[in-house]
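Student: Quick one: structure below, then a few questions.
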Amino acid sequence: MRKKSRRGRHAAAMIAALVAGLLIFGCTTGNVGRARAPGELTARMVLGEYTVKTFASEDEGRWEVARNGRLLLRGHGWRFHIGMMPHEDECFPAELLGKDITGNGKPDIVIFEWTGGAHACFVARVIALDEQAGDCRLLAEIDGIDSLPRFKDLDGDGVLEIVLHDMTFRYWPGCFANSPMPRVVLRWQNDKYVADARLTATPMPDSTELAAKAANIAQDPEWDRDRTGVYSCWCIPQSLFQTALDLMYGGHEEQGWEFIRLAWTPKYPLDQALSEELRGLLQHSPYWRTLKRERAGG
Ligand SMILES: [Ca+2]
(Lines give C-alpha, C1' and ligand atoms only; values in the text may rest on other atoms or scores of the structure.)
Protein backbone atom coordinates (compact mmCIF):
# COMPACT_ATOMS: atom_id res chain seq x y z
CA MET A 1 0.00 0.00 0.00
CA ARG A 2 1.36 3.38 -0.92
CA LYS A 3 2.26 5.75 1.84
CA LYS A 4 1.29 9.36 1.98
CA SER A 5 4.00 12.01 1.99
CA ARG A 6 5.06 13.26 5.39
CA ARG A 7 6.61 16.65 5.64
CA GLY A 8 8.67 16.54 8.81
CA ARG A 9 10.55 19.23 10.58
CA HIS A 10 13.76 17.79 9.25
CA ALA A 11 12.60 18.25 5.68
CA ALA A 12 11.78 21.91 6.32
CA ALA A 13 15.18 22.48 7.89
CA MET A 14 16.77 20.65 5.00
CA ILE A 15 15.10 22.85 2.41
CA ALA A 16 16.15 25.99 4.27
CA ALA A 17 19.68 24.69 4.36
CA LEU A 18 19.45 23.83 0.68
CA VAL A 19 18.50 27.39 -0.19
CA ALA A 20 21.43 28.64 1.88
CA GLY A 21 23.67 26.10 0.21
CA LEU A 22 22.54 27.17 -3.23
CA LEU A 23 23.17 30.78 -2.38
CA ILE A 24 26.62 30.04 -1.07
CA PHE A 25 27.81 27.40 -3.49
CA GLY A 26 25.28 27.20 -6.29
CA CYS A 27 25.01 24.12 -8.49
CA THR A 28 28.00 25.15 -10.45
CA THR A 29 30.05 23.81 -13.26
CA GLY A 30 33.50 24.83 -14.27
CA ASN A 31 35.32 27.43 -12.24
CA VAL A 32 35.08 25.85 -8.81
CA GLY A 33 38.64 24.89 -8.07
CA ARG A 34 41.74 23.23 -9.41
CA ALA A 35 41.65 19.84 -11.03
CA ARG A 36 42.41 17.12 -8.50
CA ALA A 37 41.84 13.43 -7.99
CA PRO A 38 39.32 11.94 -8.58
CA GLY A 39 38.83 14.57 -11.26
CA GLU A 40 37.67 18.12 -11.43
CA LEU A 41 34.90 19.14 -9.07
CA THR A 42 31.93 19.83 -11.35
CA ALA A 43 29.21 20.48 -8.78
CA ARG A 44 28.90 20.79 -5.04
CA MET A 45 25.66 21.06 -3.14
CA VAL A 46 25.10 21.49 0.59
CA LEU A 47 21.93 20.00 2.07
CA GLY A 48 21.94 20.57 5.83
CA GLU A 49 24.86 18.57 7.19
CA TYR A 50 25.29 16.69 3.94
CA THR A 51 27.48 17.67 1.03
CA VAL A 52 27.01 16.14 -2.40
CA LYS A 53 29.76 16.47 -4.97
CA THR A 54 30.34 15.36 -8.52
CA PHE A 55 33.67 15.10 -10.30
CA ALA A 56 34.77 14.54 -13.87
CA SER A 57 38.06 13.56 -15.41
CA GLU A 58 38.96 12.51 -18.95
CA ASP A 59 38.53 8.87 -18.02
CA GLU A 60 35.51 8.80 -15.74
CA GLY A 61 33.16 10.64 -13.46
CA ARG A 62 32.42 10.26 -9.75
CA TRP A 63 29.87 11.30 -7.18
CA GLU A 64 29.97 11.27 -3.43
CA VAL A 65 27.82 12.09 -0.43
CA ALA A 66 29.48 13.16 2.83
CA ARG A 67 28.13 14.29 6.17
CA ASN A 68 30.14 16.71 8.27
CA GLY A 69 33.18 15.82 6.22
CA ARG A 70 32.77 12.04 6.58
CA LEU A 71 32.34 10.19 3.29
CA LEU A 72 29.19 8.05 3.37
CA LEU A 73 28.50 6.97 -0.17
CA ARG A 74 30.17 7.25 -3.54
CA GLY A 75 30.06 5.85 -7.03
CA HIS A 76 31.68 6.21 -10.39
CA GLY A 77 30.71 6.09 -14.04
CA TRP A 78 30.77 8.82 -16.67
CA ARG A 79 29.01 12.18 -16.09
CA PHE A 80 26.93 12.94 -13.00
CA HIS A 81 24.47 15.74 -12.32
CA ILE A 82 22.79 16.55 -9.03
CA GLY A 83 18.99 16.76 -9.24
CA MET A 84 18.82 17.50 -12.94
CA MET A 85 20.03 16.67 -16.41
CA PRO A 86 21.45 19.65 -18.29
CA HIS A 87 20.15 20.32 -21.79
CA GLU A 88 16.94 18.43 -21.13
CA ASP A 89 13.63 20.20 -21.48
CA GLU A 90 12.73 19.48 -17.88
CA CYS A 91 14.81 20.04 -14.77
CA PHE A 92 13.63 19.21 -11.29
CA PRO A 93 16.00 20.79 -8.78
CA ALA A 94 13.26 21.93 -6.39
CA GLU A 95 11.72 18.46 -6.15
CA LEU A 96 14.84 16.33 -6.27
CA LEU A 97 17.11 18.07 -3.81
CA GLY A 98 16.31 17.38 -0.19
CA LYS A 99 12.58 16.72 -0.38
CA ASP A 100 10.98 13.43 0.56
CA ILE A 101 10.05 11.99 -2.83
CA THR A 102 9.26 8.42 -1.74
CA GLY A 103 6.99 9.15 1.23
CA ASN A 104 9.25 7.37 3.76
CA GLY A 105 9.69 10.54 5.82
CA LYS A 106 13.34 11.05 4.86
CA PRO A 107 14.59 13.70 2.47
CA ASP A 108 16.01 12.36 -0.78
CA ILE A 109 18.42 13.51 -3.38
CA VAL A 110 18.55 12.30 -6.98
CA ILE A 111 21.82 12.03 -8.88
CA PHE A 112 21.52 11.55 -12.62
CA GLU A 113 24.15 9.88 -14.73
CA TRP A 114 24.74 10.15 -18.44
CA THR A 115 26.85 7.16 -19.42
CA GLY A 116 28.36 8.70 -22.57
CA GLY A 117 28.79 7.27 -26.05
CA ALA A 118 26.61 7.18 -29.16
CA HIS A 119 23.70 5.44 -27.46
CA ALA A 120 24.32 6.69 -23.98
CA CYS A 121 22.10 5.68 -21.15
CA PHE A 122 20.48 7.62 -18.37
CA VAL A 123 20.55 6.36 -14.80
CA ALA A 124 18.83 8.05 -11.89
CA ARG A 125 19.99 7.23 -8.36
CA VAL A 126 17.69 8.04 -5.47
CA ILE A 127 19.54 8.55 -2.20
CA ALA A 128 17.75 8.95 1.13
CA LEU A 129 19.40 11.21 3.70
CA ASP A 130 18.76 9.83 7.18
CA GLU A 131 19.54 12.74 9.47
CA GLN A 132 18.59 10.91 12.66
CA ALA A 133 20.93 8.00 11.94
CA GLY A 134 23.51 10.42 10.49
CA ASP A 135 23.67 8.24 7.42
CA CYS A 136 22.38 7.97 3.88
CA ARG A 137 21.27 5.08 1.71
CA LEU A 138 21.06 4.38 -1.99
CA LEU A 139 17.36 3.54 -2.34
CA ALA A 140 17.12 2.90 -6.04
CA GLU A 141 19.08 2.90 -9.26
CA ILE A 142 16.75 3.40 -12.21
CA ASP A 143 18.42 2.53 -15.48
CA GLY A 144 16.30 4.26 -18.12
CA ILE A 145 18.67 3.02 -20.84
CA ASP A 146 18.04 5.58 -23.63
CA SER A 147 15.09 7.07 -21.77
CA LEU A 148 15.64 9.72 -19.12
CA PRO A 149 13.67 8.84 -15.97
CA ARG A 150 11.44 11.84 -15.15
CA PHE A 151 10.05 12.35 -11.68
CA LYS A 152 6.48 13.61 -11.42
CA ASP A 153 3.66 13.40 -8.90
CA LEU A 154 0.96 12.15 -11.25
CA ASP A 155 -1.73 11.34 -8.69
CA GLY A 156 -1.21 14.28 -6.35
CA ASP A 157 -0.33 12.27 -3.22
CA GLY A 158 2.97 14.07 -2.68
CA VAL A 159 5.04 11.01 -3.64
CA LEU A 160 6.81 11.28 -6.97
CA GLU A 161 6.34 8.67 -9.66
CA ILE A 162 8.85 7.99 -12.43
CA VAL A 163 7.85 8.32 -16.06
CA LEU A 164 10.06 6.69 -18.67
CA HIS A 165 9.92 4.69 -21.87
CA ASP A 166 10.42 0.94 -21.93
CA MET A 167 13.54 0.39 -24.06
CA THR A 168 13.06 -3.39 -24.31
CA PHE A 169 12.24 -3.04 -28.02
CA ARG A 170 15.21 -0.97 -29.06
CA TYR A 171 16.76 -2.16 -32.33
CA TRP A 172 13.55 -4.09 -33.02
CA PRO A 173 12.20 -4.85 -35.56
CA GLY A 174 15.00 -3.01 -37.41
CA CYS A 175 17.09 0.05 -36.69
CA PHE A 176 17.16 2.03 -33.44
CA ALA A 177 15.22 4.98 -34.88
CA ASN A 178 12.31 2.72 -35.79
CA SER A 179 12.10 1.05 -32.39
CA PRO A 180 8.86 1.39 -30.45
CA MET A 181 9.27 2.84 -26.95
CA PRO A 182 6.07 2.59 -24.90
CA ARG A 183 5.61 4.87 -21.90
CA VAL A 184 5.57 3.40 -18.39
CA VAL A 185 4.94 4.91 -14.97
CA LEU A 186 6.72 3.48 -11.94
CA ARG A 187 5.65 3.97 -8.33
CA TRP A 188 7.62 3.53 -5.13
CA GLN A 189 6.37 0.48 -3.27
CA ASN A 190 7.93 -1.90 -0.75
CA ASP A 191 11.35 -0.28 -1.08
CA LYS A 192 11.52 -0.36 -4.87
CA TYR A 193 10.08 1.21 -8.00
CA VAL A 194 7.51 -0.98 -9.75
CA ALA A 195 5.39 -0.49 -12.87
CA ASP A 196 2.01 1.02 -12.00
CA ALA A 197 -0.82 -0.25 -14.22
CA ARG A 198 -3.29 2.43 -13.15
CA LEU A 199 -0.95 5.34 -13.82
CA THR A 200 0.38 3.79 -17.04
CA ALA A 201 -3.17 3.37 -18.35
CA THR A 202 -4.36 5.61 -21.16
CA PRO A 203 -7.91 6.17 -22.46
CA MET A 204 -8.92 4.00 -25.39
CA PRO A 205 -8.51 6.14 -28.52
CA ASP A 206 -11.52 6.93 -30.66
CA SER A 207 -12.17 3.86 -32.86
CA THR A 208 -12.68 5.88 -36.06
CA GLU A 209 -9.42 7.76 -35.56
CA LEU A 210 -7.60 4.53 -34.75
CA ALA A 211 -8.96 2.85 -37.90
CA ALA A 212 -7.88 5.85 -39.98
CA LYS A 213 -4.41 5.71 -38.44
CA ALA A 214 -4.15 2.00 -39.25
CA ALA A 215 -5.23 2.65 -42.85
CA ASN A 216 -2.58 5.36 -43.21
CA ILE A 217 0.16 3.08 -41.90
CA ALA A 218 -0.96 0.25 -44.20
CA GLN A 219 -0.57 2.60 -47.18
CA ASP A 220 2.67 4.21 -46.00
CA PRO A 221 5.33 4.29 -48.80
CA GLU A 222 7.88 3.32 -46.09
CA TRP A 223 6.98 -0.34 -46.69
CA ASP A 224 8.71 -0.06 -50.10
CA ARG A 225 11.44 2.31 -49.05
CA ASP A 226 14.25 0.20 -50.50
CA ARG A 227 12.30 -0.33 -53.79
CA THR A 228 13.06 -4.04 -54.00
CA GLY A 229 9.43 -5.13 -54.00
CA VAL A 230 10.33 -7.62 -51.27
CA TYR A 231 9.08 -7.44 -47.71
CA SER A 232 11.63 -6.30 -45.13
CA CYS A 233 11.10 -5.88 -41.40
CA TRP A 234 13.47 -2.89 -41.66
CA CYS A 235 10.83 -1.00 -43.65
CA ILE A 236 7.88 -1.25 -41.27
CA PRO A 237 6.63 2.24 -40.40
CA GLN A 238 7.68 3.07 -36.84
CA SER A 239 4.18 4.10 -35.81
CA LEU A 240 2.79 0.58 -36.37
CA PHE A 241 4.42 -1.08 -33.36
CA GLN A 242 4.59 2.19 -31.43
CA THR A 243 0.81 2.56 -31.60
CA ALA A 244 0.24 -1.14 -30.91
CA LEU A 245 2.47 -1.08 -27.81
CA ASP A 246 1.02 2.24 -26.64
CA LEU A 247 -2.37 0.53 -26.70
CA MET A 248 -1.08 -2.54 -24.87
CA TYR A 249 0.79 -0.61 -22.18
CA GLY A 250 -2.18 1.74 -21.88
CA GLY A 251 -4.38 -1.22 -20.87
CA HIS A 252 -5.77 -2.25 -24.26
CA GLU A 253 -3.76 -5.34 -25.13
CA GLU A 254 -6.29 -7.00 -27.43
CA GLN A 255 -6.74 -3.78 -29.38
CA GLY A 256 -2.94 -3.54 -29.69
CA TRP A 257 -2.68 -6.93 -31.37
CA GLU A 258 -5.67 -6.08 -33.53
CA PHE A 259 -4.01 -2.82 -34.56
CA ILE A 260 -0.99 -4.72 -35.89
CA ARG A 261 -3.30 -6.75 -38.14
CA LEU A 262 -5.22 -3.66 -39.29
CA ALA A 263 -2.16 -1.51 -39.97
CA TRP A 264 -0.21 -4.20 -41.80
CA THR A 265 0.30 -3.50 -45.50
CA PRO A 266 -1.96 -5.47 -47.87
CA LYS A 267 1.10 -5.92 -50.12
CA TYR A 268 2.76 -8.52 -47.90
CA PRO A 269 1.37 -11.22 -45.62
CA LEU A 270 1.43 -10.49 -41.90
CA ASP A 271 4.82 -11.48 -40.46
CA GLN A 272 3.75 -14.05 -37.85
CA ALA A 273 7.33 -14.68 -36.76
CA LEU A 274 7.64 -10.99 -35.92
CA SER A 275 4.50 -11.18 -33.78
CA GLU A 276 6.05 -14.09 -31.91
CA GLU A 277 9.22 -12.08 -31.43
CA LEU A 278 7.13 -9.31 -29.97
CA ARG A 279 5.49 -11.71 -27.52
CA GLY A 280 8.94 -12.89 -26.49
CA LEU A 281 10.24 -9.35 -26.02
CA LEU A 282 7.24 -8.46 -23.88
CA GLN A 283 8.13 -11.31 -21.56
CA HIS A 284 11.62 -9.84 -21.19
CA SER A 285 10.38 -6.35 -20.43
CA PRO A 286 11.06 -5.33 -16.82
CA TYR A 287 7.58 -3.78 -16.66
CA TRP A 288 5.13 -5.64 -18.90
CA ARG A 289 4.48 -8.65 -16.69
CA THR A 290 3.86 -6.40 -13.68
CA LEU A 291 1.36 -4.36 -15.70
CA LYS A 292 -0.39 -7.57 -16.80
CA ARG A 293 -0.44 -8.98 -13.28
CA GLU A 294 -1.85 -5.78 -11.79
CA ARG A 295 -4.52 -5.60 -14.47
CA ALA A 296 -5.46 -9.22 -13.84
CA GLY A 297 -5.90 -8.26 -10.19
CA GLY A 298 -3.02 -10.45 -9.00
CA1 LIG B 1 2.29 10.36 -6.55
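Student: Out of all the residues in the stretch 139-155, which are closer than 25 Å to Pro107 by Cα and either of a type in the set (Asp, Glu) or without any contact (Cβ under 8 Å) to a residue 24 or more places away in the chain (or both)?
Tutor: Glu141, Asp143, Gly144, Lys152, Asp153, Asp155 - these are the residues of the stretch 139-155 that are closer than 25 Å to Pro107 by Cα and either of a type in the set (Asp, Glu) or without any contact (Cβ under 8 Å) to a residue 24 or more places away in the chain (or both).
Student: Mind checking which pairs have a first residue in the stretch 156-183 that is farther than 21 Å from Arg225 by Cα and among the charged types (D, E, K, R) and a second that is in a helix (DSSP H, G or I) and more than 16 Å from the ligand (Cβ to nearest atom), Cβ under 9 Å, 6 or more apart or different chains?
Tutor: Asp166/Leu245; Asp166/Tyr249; Asp166/Trp288; Arg183/Asp246; Arg183/Tyr249
Student: For the stretch 206-285, which fully contained helices (runs of 4 or more DSSP H) count at least 2 residues that are at pLDDT 95 or above and within 12 Å of Pro180 (Cβ to Cβ)?
Tutor: Correct list: 238-249, 253-263, 272-284.
Student: Would you confirm whether or not the stretch 109-119 contains a residue that is in contact (Cβ under 8 Å) with a residue 40 or more places away in the chain, within 16 Å of the ligand (Cβ to nearest atom) and in contact with a helix residue (DSSP H, G or I) (Cβ under 9 Å, 6 or more places away or on another chain)?
Tutor: yes
Student: Identify all residues within the stretch 286-298 that are in contact (Cβ under 8 Å) with a residue 12 or more places away in the chain and either touching a His at 6+ places or on another chain (Cβ under 9 Å) or not in a helix (DSSP H, G or I) (or both); write none if there are none.
Tutor: Pro286, Tyr287
Residue by residue, here is whether (1) of a type in the set (D, E, K, R); (2) under 17 Å from the mean Cα position of the chain (by Cα); (3) crowded, with 20+ Cβ neighbours inside 10 Å holds:
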| site | (1), (2), (3) |
| --- | --- |
| Trp188 | no, yes, yes |
| Asp226 | yes, no, no |
| Gln242 | no, no, no |
| Gly251 | no, no, no |
| Gln255 | no, no, no |
| Ala263 | no, no, yes |
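Student: Give me the residue from the stretch 185-205 that is within 15 Å of the ligand (Cβ to nearest atom) and assigned to a strand (DSSP E or B) and, out of that set, farthest from Ala120 (Cα to Cα).
Tutor: Within the stretch 185-205, the match that is farthest from Ala120 (Cα to Cα) is Gln189.
Student: Let me ask something additional. So which residues in the stretch 129-172 are surrounded by fewer than 19 Cβ atoms within 10 Å (Cβ to Cβ), within 11 Å of the ligand (Cβ to nearest atom) and in a loop (DSSP other than H, G, I, E, B)?
Tutor: Result: Asp153, Leu154, Asp155, Gly156, Asp157, Gly158.
Student: Something else now. Return a yes/no flag: does the stretch 270-282 have any residue that is under 24 Å from Val194 (Cβ atoms) and surrounded by fewer than 17 Cβ atoms within 10 Å (Cβ to Cβ).
Tutor: Yes, the stretch 270-282 contains a residue that is under 24 Å from Val194 (Cβ atoms) and surrounded by fewer than 17 Cβ atoms within 10 Å (Cβ to Cβ).
The values are calculated or read from the model by the stated rules, or taken from the named source; none is laboratory data. Values in this document were obtained by computation on a predicted structure and should not be read as measured data. Note that each Cβ is placed from the backbone with ideal geometry, even for glycine, and that neighbours are counted across all protein chains shown.
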